[in-house]
Amino acid sequence: MRGPDGPSAEQASEMPEEGVFPLVRDGYDAVYDVLERSPTFAQLWRTNAYHADFPVEFAHISFLTLGEATQLTRRLRLATGSLLVDAACGAGGPGLWMARESGATLIGIDPAEAGLVAARRLARQSGLGERARFQLGTFQHTGVADATADAVMTVEALQYAPDKRAALIELRRILRPGGRLGIVCFEVDPGLVLGVPALGTDPIADYRELLRQCEFTVEVYEEAAAAVLAEATFTIEVRPYPRRILAVARATPL
């Protein structure tokens, strides 16, 4: 409840700061901190979320399958020397795998410090330390220079961005003209998330029109495989996600 002098402590903890909800950032920080000490959880997630088909050295905590990562690599037209930016990269597994397979260099952006620590460790262990770097940032503040990325990807994180338009404008800014943005995310039913922290702010039921408004040409927009596990406990009860999509859009020359 809002107090006479502004938001309550509970509301303040849910308000975005610098383009990220504290509860989302802190939640992922906690997950990545625990993950290293819980191989049982990691194995259960790999098996149930994406059928353990992703190489174990690039394991991650999204639902992205190896087939979807392969599709993204091809559709983003990654090649040796390409610069790939992974926005909300987490521990870096999918982006590092795509960089290894394509020969691209990688910049990973994430607001969770624990995720960045894990990503840097994974880059060293996988022999990609010389062509991958990971830095603190958000969808709205990537810290990447204008028109430098050949491709940008984001996996199952955009639904948590406080301002989707601002996020896409920032990702368009860092893409060179003709570069491509690859998105795997959940569409959110606005009618089912009213009052829900993070998801209830700026829910998007279909990203196509917003992508066009942000100077992208949509090339691929398709329903991705349904997730085996609910992304969060309340999802089982509320079911806010009509579907999970895989989209690729080209940066329209300005």
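Would you point out which residue out of LEU84, LEU78 is of a type in the set (A, V, I, L, M, F, W, C) and within 16 Å of the chain's Cα centre (by Cα)? Steps first, answer last, please.
On the way: LEU78 fails: within 16 Å of the chain's Cα centre (by Cα).
Going through LEU84, LEU78 in turn, just one is of a type in the set (A, V, I, L, M, F, W, C) and within 16 Å of the chain's Cα centre (by Cα): LEU84.
Could you check, for the range 159-180, whether at least one of its residues is under 21 Å from THR70 (Cβ atoms), among the hydrophobic types (A, V, I, L, M, F, W, C) and modelled with pLDDT of 95 or more? Lay out the reasoning, then the answer.
Taking the range 159-180 first, the residues under 21 Å from THR70 (Cβ atoms) are 179-180.
From the residues that got through so far, the ones that are among the hydrophobic types (A, V, I, L, M, F, W, C) too are none.
No, there is no match, as no residue in the range 159-180 is under 21 Å from THR70 (Cβ atoms), among the hydrophobic types (A, V, I, L, M, F, W, C) and modelled with pLDDT of 95 or more.
If you filter the range 139-184 down to residues that are among the hydrophobic types (A, V, I, L, M, F, W, C) and part of a loop (DSSP other than H, G, I, E, B), you find that the one that is farthest from ARG77 (Cα to Cα) is ALA161. Of all residues in the range 140-158, those satisfying the criterion of being crowded, with 17+ Cβ neighbours inside 10 Å, touching a residue at least 60 places away in the same chain (Cβ under 8 Å) and not hydroxyl-bearing (Ser, Thr, Tyr) are GLN140, ALA149, ASP150, ALA151, VAL152, MET153, VAL155, GLU156, ALA157, LEU158.
The values are calculated or read from the model by the stated rules, or taken from the named source; none is laboratory data. Please read these numbers as outputs of a predicted model, since none were measured by experiment. Quick reminder, even Gly has a Cβ in these numbers, built from the backbone with ideal geometry, and neighbours come from all protein chains shown.
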